[in-house]
Amino acid sequence: MGTPEFAVPSLQVLCDNGYDIPAVITAPDKPGGRLGLIQSPVKVFALQHYLRVLQPEKLKNPEFLEALRACRADLQVVVAFRMLPEVVWSMPPLGTLNLHASLLPKYRGAAPINWAIIRGETETGLTTFLLRHEIDTGDILFQERLSIGENETAGELHDRMMHLGAQLVLRTVRAIERGEAHAKPQVETEASHAPKIFTETCYLRFDQPTAQVHNFVRGLSPHPGAWARFEGKVFKILRTLKEATPPNVPPGHFVLPKSGGVWVSTADGHVQLLEVQPEGKRRMSGEDFRNGYGSRLVGGVLT
């Protein structure tokens, strides 16, 4: 059970290792304008490998539940899907395992990769656990730790975790198959949350410390992207570098060194703009942004 690209390597590794996949459950196709309906990455992979695909609108639909029971699965594997009702996750005799992109109980929720970076973590990890009703609270099976680079973006970490997660899924399935998996409860006092990210969540304030601004930018890059306003329009900041030089202008003001590039003042320093996207424009380097906007940046401010 899964939908986005993150889930594809986990499905692939199970197929490559000879596991029988009686069905793949994924989200319904989405309207795609002139392109027609858009299929999820998991569905595309499943069809390419001649796997049966189920796409229920509602997970409690009687026809879907009947089809799921008919699969007679020993185990269900969930990677980046949606919250399952108990009638679904309790169906297989060996239970339902989920892969989550954090070291549970830290960063429970929809956006663990983003929030770990936004909050300045230097380490994160992956967890496989057995589902129960409360989201991301089930007993832990296995965990894998990995470091977060100082300038690593959410997109870069996502891609690393996507492939490491697949190997952790395979390790977990093998352990369950052999009767060697020993689940342990999560420590509730260590829990933290990673809620879904909305457009308003991504608004970037430059009256924060430099490190906080930098982490916010990379935690939302490349999608959906941190944003402020320049000349009344949305201005996305997608990649930055930290600079500790104390600012001599209020936060949010552009600074244009003679050596080139574009910097923005923060509460205690500056960030260099490496990649940006003005509203209605393509993504561009900070240098191209400076060259294109020229004198408009002198005295300019991001609000």
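For a test of the definition: using alpha carbon positions, the gyration tensor, and the 1.5 limit on a/c, classify the stretch 5-190 as rounded, prolate or oblate. Verdict is oblate for the stretch 5-190. The charge dipole of the stretch 199-297, taken about the Cα centre with unit charges on the Cβ atoms of Lys, Arg (+1) and Asp, Glu (-1), comes to about 240 debye, rounded to the nearest 20. As a proxy for reagent exposure, ILE237, ILE140 were ordered by neighbouring Cβ count within 10 angstrom, fewest first; the result is ILE140, ILE237.
Tell me, how many Å apart are the Cα centres for the stretch 32-54 and for the stretch 262-303? Computed from Cα coordinates, the inter-centre distance equals 39 Å. When the chain is treated as a GNM with alpha-carbon contacts under 10 Å, the residue of SER221, SER147, SER102 showing the greatest mean-square fluctuation is SER147.
The lysines whose alpha-carbon is closer than 19 Å to the alpha-carbon of LYS58, local same-chain residues fewer than 8 away aside, are LYS30, LYS43. Set the Förster distance to 45 Å, then compute FRET efficiency between ASN248 and ASP29 from the Cβ-Cβ distance, nearest 0.05. It comes out at approximately 0.25.
Order these by the 10 Å Cβ neighbour count, fewest first: LEU256, LEU84, LEU220. Please list the in-between numbers first.
On the way: LEU256 15, LEU84 21, LEU220 26.
Ascending Cβ contact count within 10 Å gives the list LEU256, LEU84, LEU220.
Two tests apply to each whole DSSP H helix in the chain, Cα reach of 20 Å or more along its axis and mean Kyte-Doolittle hydropathy of at least -0.5, and the ones passing both are 154-177. Counting neighbouring beta carbons within 10 Å and listing from fewest to most, the residues GLU152, GLU57 come out as GLU57, GLU152.
Could you identify which residue out of PRO209, PRO31, PRO222 has the top mean-square fluctuation in a GNM of the chain using Cα springs shorter than 10 Å? Of PRO209, PRO31, PRO222, the most mobile in the Gaussian network model is PRO31. Calculated FRET efficiency, ARG69 to LYS196, Cβ-Cβ distance, R0 = 25 Å: about 0.20 to the nearest 0.05. Largest GNM mean-square fluctuation across ARG34, ARG290, ARG178, computed for the chain with C-alpha springs under 10 Å, falls on ARG34.
FYI, it's all coordinate maths here, none of it is from the lab. Quantities reported herein were computed from a predicted structural model and do not represent experimental measurements. Methodologically, a virtual Cβ is constructed for each residue, glycine included, from the backbone with ideal geometry; neighbour enumeration extends over all protein chains shown.
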